Amino acid sequence: MDLQDTIEKYVMQLKNENRTLKTVAKVCRQIMATLYDTYFPDAEARRPGPKSLCPDSDILTISWLLELIGKDSECAGYKLITSELSDLFPFLPERSRFNRRRRNLCHASEKLRQVLIHFLPDDERFIVDSFPIPLCDFKRVPSS
């Protein structure tokens, strides 16, 4: 089974289940593990020191989930994952080590994003983020 079929299988699994944070995390974890093992097959074996109980693919999965739900704060994101998804990610490292590994994996994360772009259909539709950002505020008006 090739990578395209594997990803499609997991996406169909997500479409057929009730979409809670836990089910989305479970499917994203499977997709990320498949992608990471395909494009970085021996990355963890080359790392010095003892092997971590939490694989890099889990760190990337959590990182993408936190971006997806809009958690910008590293501390708040870690608290959310440990409180809501501790049974799915039981071997999560402590907060500072998790965030350090997350930052060190940014190049791998970007490469996997580029890979996923090729699996998306070529389409003329795009998503526009319409979140309002204040560009200036009036200093002389007491209510602003």
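Report the residue count in the stretch 69-115 for those that are of a type in the set (A, V, I, L, M, F, W, C), within 23 Å of ARG47 (Cα to Cα) and not in a loop (DSSP other than H, G, I, E, B). Explain how you work it out, then say what you get.
If we filter the stretch 69-115 for residues that are of a type in the set (A, V, I, L, M, F, W, C), which is where we start, we get 69, 75-76, 80-81, 85, 88-89, 91-92, 98, 105-106, 108, 112, 115.
Now restrict to residues that are within 23 Å of ARG47 (Cα to Cα): 89, 91-92, 98, 105-106, 108, 112.
Remaining after also requiring not in a loop (DSSP other than H, G, I, E, B): 98, 106, 108, 112.
Within the stretch 69-115, residues that are of a type in the set (A, V, I, L, M, F, W, C), within 23 Å of ARG47 (Cα to Cα) and not in a loop (DSSP other than H, G, I, E, B) number 4.
Any residue in the stretch 40-56 that is surrounded by 15 or more Cβ atoms within 10 Å (Cβ to Cβ), among the small types (Gly, Ala, Ser) and under 15 Å from the mean Cα position of the chain (by Cα)?
No: the stretch 40-56 contains no residue that is surrounded by 15 or more Cβ atoms within 10 Å (Cβ to Cβ), among the small types (Gly, Ala, Ser) and under 15 Å from the mean Cα position of the chain (by Cα).
Look at LEU53 and say whether it is in contact with a Phe, Trp or Tyr (Cβ under 7 Å, 6 or more places away or on another chain), in a loop (DSSP other than H, G, I, E, B), on the phi < 0 side of the Ramachandran plot and modelled with pLDDT of 90 or more.
yes
Any residue in the stretch 92-103 that's within 12 Å of GLU74 (Cβ to Cβ): show its pairings with residues that are modelled with pLDDT under 95 and surrounded by fewer than 12 Cβ atoms within 10 Å (Cβ to Cβ) at Cβ separation under 8 Å, as long as the two are six or more apart or on different chains.
That search, which allows pairs on different chains as well, returns ARG95/CYS75.
Pick from the stretch 9-39 the residues that are surrounded by 14 or more Cβ atoms within 10 Å (Cβ to Cβ) and at pLDDT below 80: which of them is nearest to LEU85 (Cα to Cα)?
Here the residue is LEU14.
The values are calculated or read from the model by the stated rules, or taken from the named source; none is laboratory data. Small disclaimer: the values here were computed from a predicted structure and weren't measured. We place every Cβ from the backbone using ideal geometry, glycine too, and count neighbours over all the protein chains shown.
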